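**Student:** Next up is a structure, given as structure tokens.
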């Protein structure tokens, strides 16, 4: 969990809770990263990191002007994360999140969501 830096305890807890909830609800596709059906060498940490995104970017959030991420183009997701990190897009929540991610982690998240079917949450 060292790759998460100071957010390692939060990332671990979030992953554990999400897996437990997923298993409890029978959503086995989210129970483990391997069950997602993507080659982990292509998505890296994406399946785990993406779990942090789901609470705000679910389809139900569309009415709150928060876009769902499933099936979006990888370059669109990556450029948005970079713009939030660099302060070129203004959203305090996203700026805070993006500034904790490495470029590789952003790429992993972008690859993961780009590889999911639209409406996949």
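**Student:** Going highest first, how would you order 80-91, 45-56 by mean Cβ packing within 10 Å?
**Tutor:** 45-56, 80-91
**Student:** Taking the Cβ of each residue in 97, 118 as the centre, tally the other Cβ atoms inside 10 Å and list the residues starting with the fewest.
**Tutor:** Listing 97, 118 from fewest to most nearby Cβ atoms yields 118, 97.
Every number in this text was worked out from the coordinates using simple rules, so none of it is lab data. Keep in mind it's a predicted model, so treat the numbers as computed, not measured. Cβ sites come from the backbone with ideal geometry, for glycine too, and all protein chains shown count toward neighbours.
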